[in-house]
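Enquirer: Please find one structure pasted underneath; my questions will follow.
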Amino acid sequence: MRDAGFIIGSYLITLGAIGAFAVRTLRLGRRLADSVPDEDKPWL
């Protein structure tokens, strides 16, 4: 049980990095989608 702090900390750092990457990717995607004209968006 003395390694529990290291393991939990590692999980928190990993999940935090994945969450930050997801937020950054979504923000960048939305910004790029705003720069594309509507007629060039096949997903609409």
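Enquirer: Please go through the chain and give me each residue that is basic (K, R) and open to solvent by 70 Å² or more (accessible area, probe 1.4 Å), ordered by number.
Expert: R2, R24, R27, R30, R31 - these are the residues of the chain that are basic (K, R) and open to solvent by 70 Å² or more (accessible area, probe 1.4 Å).
Enquirer: Next question, about the same structure. If I7 passes every condition in (1) more than 22 Å from the chain's Cα centre (by Cα); (2) of a type outside the set (G, A, S); (3) assigned to a loop (DSSP other than H, G, I, E, B) but one, which one does it miss?
Expert: Exception for I7: condition (3).
The values are calculated or read from the model by the stated rules, or taken from the named source; none is laboratory data. Owing to the predicted nature of the structure, the values given are computational and were not obtained by experimental measurement. These area figures cover heavy atoms from the full protein model, side chains too; ligands, DNA and RNA do not enter into them. Shrake-Rupley method; radii C 1.70, N 1.55, O 1.52, S 1.80 Å.
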